[in-house]
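Worksheet: one structure, shown below.
The values are calculated or read from the model by the stated rules, or taken from the named source; none is laboratory data. All figures in this text were calculated on a predicted structure; none of them were measured in a lab. All Cβ positions, even for glycine, are placed from backbone atoms using ideal geometry, and neighbour counts span all protein chains on display.
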Amino acid sequence: MTLDKLLIVGAALFCCGLYTVMTRRNAVAVLMGVELILNATNINFVAFSFFLTRMMGGQIFAIFVIVLAAAEAAVALAIFLRMFSTTGTVEVDDADQLKG
Amino acid sequence: MIRYAYIIPFLPLLSFFINIAVGKRLPRKGDWVSLATIAAGLAMSIGIFIEVFQAYDPNFKYHVVLPWIGVADRAVFNTGILIDNLTAVMLLVVTIVSTLVHLFSIGYMHGDPRYNRFFAYLSIFSFSMLGLVLAESFLFIYIFWELVGLSSYLLIGFWFEKKSAADAGKKAFIVNRVGDFGFLVGILIIYATCGVLGYDDVFRAIGEGKLSGTLLTLAGIGVFTGAIGKSAQFPLHVWLPDAMEGPTPVSALIHAATMVAAGVYLVGRVYPIFTPDAFLVIACIGLVTLFITATIAVAQNDIKKVLAYSTCSQLGYMILGLGVGGYTAGLAHLATHAAFKACLFLGSGSVIHAVHSQDIQEMGGLRKKMPITFVTFLIATLAISGVPGFSGFYSKDMILGAALEFGMKSQNPLHMIFFLGALFTAGLTAFYMFRLVILTFFGAPKDHHKFDHAHESPPSMWVPLAILATLSFSIWYSGWFGTLIQKPKSVAGLAAISAPAPIATMEHAAVMGDSRGPAPAESQHEKAPSHGTSAPAGASRDAVPATHGESHDGASHDAHIAHMAHSYAMYSSVAVGALGILLAFVVYSLGWINPARVANAVKPLHKFLLNKWYFDELYEATVISGSKAFSRGLAWFDLHVVDGLVNLSAQLGVFVSFLIGKFDNYVVDGAVNGLASVTTGSGSILRRLQTGKLYHYVFVLAGGAVVIFLIKAF
C-alpha cells in the first residue's frame, strides 16, 4: 500500500463524481456526484496525512467534511423537496426561472 | 456704616425685581417693598452722613476699588465706590427726595392699573441714581448715567396710552442721547490719552501732563455735554418741559430733584479736569439757559410747565455757579433746590390731584381749600425766590457772589454779564413764581365747578410736602456746607490765563515761588509734596484756596474782592427778589397793571415767549427735517443704488444658471446616459454566457481547472 495507489483511487472517484455532476439532469443524482467528489477529497486528506505527516490533522479534517456533507445533503434535499412541490420536477435544467 | 455703603443701591434693585415679577400678587400691590427698601437706603445714608459729618474733614474720602473685568493684564476696568463729602450729601438728597416721592406716590397713583409697575420703575430709578452717585470711575458713572436715562424714559412714558406722553418719553431719550454721545467722546479722549478711568487715576494722569491743552478742554467740554443733556441745559433743554407728561411724582423725583441734578453732580465730581476755557463754556451755557428758560416760564399757563422751566433755569444757576468757580455755591444750590423744587412739584401734584387741571387760569383761591399745600408751596416759592431765611437765598446768593467775584477779577469787562444776567433772572424768577402762587392760591376762584370739588390731599401726600417745606429753610444748610464741600484742587493746571479762579493768583505765584497760604491751603496740599518748583505749578496749587483768605497781600486783596462781591451780591439779590415779588403782586393780585394788556402791547414778544423761543420749531426745521432729508437721501440710495446692485447680481445669477443648465443637460446627462447605454450593450452580449444549464457551468469549471493544471505543469 503506497500513497500513489491511494491517490489513484481518489482521482478515479473524483472523475466519477465529476462525470456524474456533468451528465446527470436529476438533482438528486447531481447531489450524489457531489458526495463522490467530497469522498475523493477525504481519501486524499487521509492519505496525505497518513503518509506525510504522521499527525491526525487530515483524518480530523475528513470527519469535518463528512459532517459538512451530511448537513449539505440535508439542506439540498430540503431545497429539492420545495422545488418538487412548486414545479413538480427535480430536473436541474427546468430550474431556470431566475435566468435573465 | 460706611463700609456697607455698597448695599444701598442694591436695595432698590432688589425691590425692582420683586415688584416687576410678583408685585401684582403682593398685598397692596407691592408698594411697601419699594418704600421699605428706599427707606432703608435713607436710613443708611443718614448713618453715612452722620459718620462723615462727625469726621468734619473737607478731605474726607472713603474709596474702595475692586477689579471688575479686564483683557489679560491690559485694560483692566475697576469697579468700586467713592464716598467723600459730596457723595454723602448727594446720597442724602437722593434718598430723602426718593423716599418722600415714594410716599407721595402711594396717594397720587392710587388706583392706577399699572400701580406695581410704577413702583418697580421708581425702584430701578433709585438704583441707577444711587449707583451714579457712588460711582468711582468715568466708566461706572456712564453706565449708571445711561440707566437713569432709561428709567427716565420709562417713567415719562408711563401713561403711554397718551400719545403726548409716549412722544415726550422718546424725545427725552433721544435728546439725552445727543448729550450722552458728547459724554462718551469725552470719556474716550480721556481713556485714549490717560489709559485709566477711575477719577483719582485720571486726575493724577492729567496732573502728570498726559492730557493737556486743547484736547483736555475738548475732553472737559465733552463730559460737560453729557451734563447739558441730562441737566436740560441750552441747547438740549427742550426735553424737560415735555417730560412733564409723566406722573407728577416722577416730575418731582427725576425732573426736579435728582436726575437733572446728575449733570451738575457730574461737573462737580470731575471738577479738577476742566480747563479755564472749558469753565468759560460751562458758565456761558449756564447763563444762556437760566435766562432763556426763565423768560419762557413767565408766559406759561400750565402749572407744571412753569415749574419745569424754572427747573431748567435753576439748573442753569448751578451750572453757572460751577462755571464761574463757585464750586460750593453750585452744589449748595443743587441740594437746596432738590428740596424746594421737589416740594413745589409735589405741591403742584397735590393741586392737580384736587382740581384735575393743570391750567393756572382755571384755578385761584385754593388757599382756603388746601391750606397745607398752600403753606408748603408758599415756603418753597419763597425759597426759590431767594428770600432771606430760606434755603434758596443761601445758595443763590453764593452763586451770584461767585459770578460777581469772577466778573470783578476778570480783566474782560464782558464777564460782568454773568452776574448781571443772573441777577436780572433772579428778579424774573421771583416774579414768575409769585405769579404762579397768586394765580393758583389767591384771588377769587375762576372755575367754580373745579373749585367746589377741590379738597386737601390725604396725609400720605401732605406729609412729604411738610417735610420738604421744612427742609427749605436755610438753617439746615448754612455753616457746615461751605466747610465740607470745598473746591477740589484743579489738575488742568497751567493754562490758567483767564481762569475763573483768579488771575491775581497767577501773578502771586510768579512772584512768590512756593510761598503758600496757611491752614486751608495746607490741607489741600497733602497729596502734592513737590511744590513750587515752577511758577505755573505753584499757580495751579494756589489757585484753589484763593477764595478762602490768605496771609499775603495779593490774597488778602482777593479775599477783599470776594468779600465785597458777596455782600454786593447779597444786597442786590434781595433787592431784585423783592422787586420781582412786588411786581407780581401789583400785576396779578392788585390788578394795577392788566397782564393781558401788557401782553397785547408787546404781542410779538409775548408770542415769542409763549412759543418757548420757537426752539422746538427751530429743531423741527433744522435737525429733524435735516435728518429726515438725509434719511430720504439714504432711502433713495438704498432703493436705486443698493437695490440696483442686488438686482444686477440677480440677473447675472440667472444668466450663469442658464449656462450651467445647458452644460448639465448636454455634458453631464450625456455622460450619464452614455454610461448607461454602454452597460446595456455589453450586458446584452454577455448574457449569452449565462445559460442556466448546470452541466455547462461544471464543464467550464472542470475545464478551467484542467487548463490551470496544465499551465502549472508546463
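Worth a mention:
- Within the set B:ASP616, B:ASP638, B:ASP643, the sole residue that is within 37 Å of the chain's Cα centre (by Cα), among the charged types (D, E, K, R) and at pLDDT 80 or above turns out to be B:ASP638.
Residues are listed down the side, and each one gets a yes or a no for (1) among the aromatic types (Phe, Trp, Tyr); (2) in contact (Cβ under 8 Å) with a residue 24 or more places away in the chain; (3) under 25 Å from B:GLY482 (Cα atoms):
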position: B:ASN85; (1), (2), (3): no, yes, yes
position: B:LEU92; (1), (2), (3): no, yes, yes
position: B:THR95; (1), (2), (3): no, yes, yes
position: B:VAL101; (1), (2), (3): no, yes, no
position: B:SER105; (1), (2), (3): no, yes, no
position: B:PHE119; (1), (2), (3): yes, yes, no
position: B:LEU122; (1), (2), (3): no, yes, no
position: B:SER126; (1), (2), (3): no, yes, no
position: B:LEU132; (1), (2), (3): no, yes, yes
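- Yes/no for B:PRO595 being exposed (fewer than 10 other Cβ atoms within 10 Å of the Cβ), under 30 Å from B:GLY443 (Cα atoms) and modelled with pLDDT under 80: no
- B:PHE655 fulfils the conditions (1) in a helix (DSSP H, G or I); (2) on the phi > 0 side of the Ramachandran plot except for a single criterion, (2).
- Pairs linking a residue in region A:24-53 that is within 13 Å of another protein chain (Cβ to nearest Cβ) to a residue that is of a type in the set (Asp, Glu) and assigned to a helix (DSSP H, G or I), with Cβ atoms under 7 Å and 6 or more positions apart or on different chains, are A:ARG25/A:ASP93.
- For region B:691-714, residues that are surrounded by 11 or more Cβ atoms within 10 Å (Cβ to Cβ) and assigned to a loop (DSSP other than H, G, I, E, B) total 3.
- For region A:75-100, the candidate set comprises residues that are among the small types (Gly, Ala, Ser) and surrounded by 10 or more Cβ atoms within 10 Å (Cβ to Cβ); within that set, the residue that is farthest from the other protein chains (Cβ to nearest Cβ) is A:ALA78.
- For B:LEU66: the one exception among (1) closer than 30 Å to B:PHE138 by Cβ; (2) not in a strand (DSSP E or B): (2)
- Restricting region B:479-504 to residues that are assigned to a loop (DSSP other than H, G, I, E, B) and either acidic (Asp, Glu) or at pLDDT 75 or above (or both), the residue that is farthest from B:VAL89 (Cα to Cα): B:SER490
- All of (1) over 30 Å from B:THR193 (Cβ atoms); (2) surrounded by fewer than 16 Cβ atoms within 10 Å (Cβ to Cβ) hold for B:SER34 with one exception: (2).
- Pair list, Cβ under 7 Å, 6 or more apart: region B:681-694 residue without any contact (Cβ under 8 Å) to a residue 12 or more places away in the chain, other residue assigned to a helix (DSSP H, G or I) and among the β-branched types (Val, Ile, Thr): B:LEU694/A:VAL30; B:LEU694/A:VAL92
- From the list B:TYR142, B:TYR121, the lone residue that is of a type in the set (Ser, Thr, Tyr), in a helix (DSSP H, G or I), closer than 18 Å to B:TYR153 by Cβ and under 16 Å from the mean Cα position of the chain (by Cα) is B:TYR142.
- Flag if B:GLY47 is surrounded by fewer than 17 Cβ atoms within 10 Å (Cβ to Cβ) and touching a residue at least 40 places away in the same chain (Cβ under 8 Å): yes
- Residue match in region B:305-320 (condition: in contact (Cβ under 8 Å) with a residue 40 or more places away in the chain, closer than 21 Å to B:MET433 by Cα and surrounded by fewer than 24 Cβ atoms within 10 Å (Cβ to Cβ)): yes
- Positions within region B:450-473 being among the aliphatic types (A, V, I, L, M) and modelled with pLDDT of 85 or more, in sequence order: B:VAL463, B:LEU465, B:ALA466, B:ILE467, B:LEU468, B:ALA469, B:LEU471
- Considering region B:212-243, and only residues there that are crowded, with 23+ Cβ neighbours inside 10 Å and over 14 Å from the mean Cα position of the chain (by Cα), the residue that is farthest from B:ARG269 (Cα to Cα) turns out to be B:PRO241.
- Residues located in region B:36-63, provided they are in a strand (DSSP E or B) and either among the hydroxyl-bearing types (Ser, Thr, Tyr) or within 26 Å of B:HIS337 (Cα to Cα) (or both): B:LYS61, B:TYR62
For (1) at pLDDT 90 or above; (2) more than 14 Å from every other protein chain (Cβ to nearest Cβ), each residue gets a yes or a no:
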position	(1), (2)
B:GLY653	yes, yes
B:PHE658	yes, yes
B:LEU675	yes, yes
B:SER682	yes, no
B:LEU686	no, no
B:TYR695	no, no
B:PHE699	no, no
B:VAL707	yes, yes
B:LYS712	yes, yes
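- Note on region B:190-211: among residues that are over 20 Å from the mean Cα position of the chain (by Cα) and among the β-branched types (Val, Ile, Thr), the one that is surrounded by the fewest Cβ atoms within 10 Å (Cβ to Cβ) is B:THR193.
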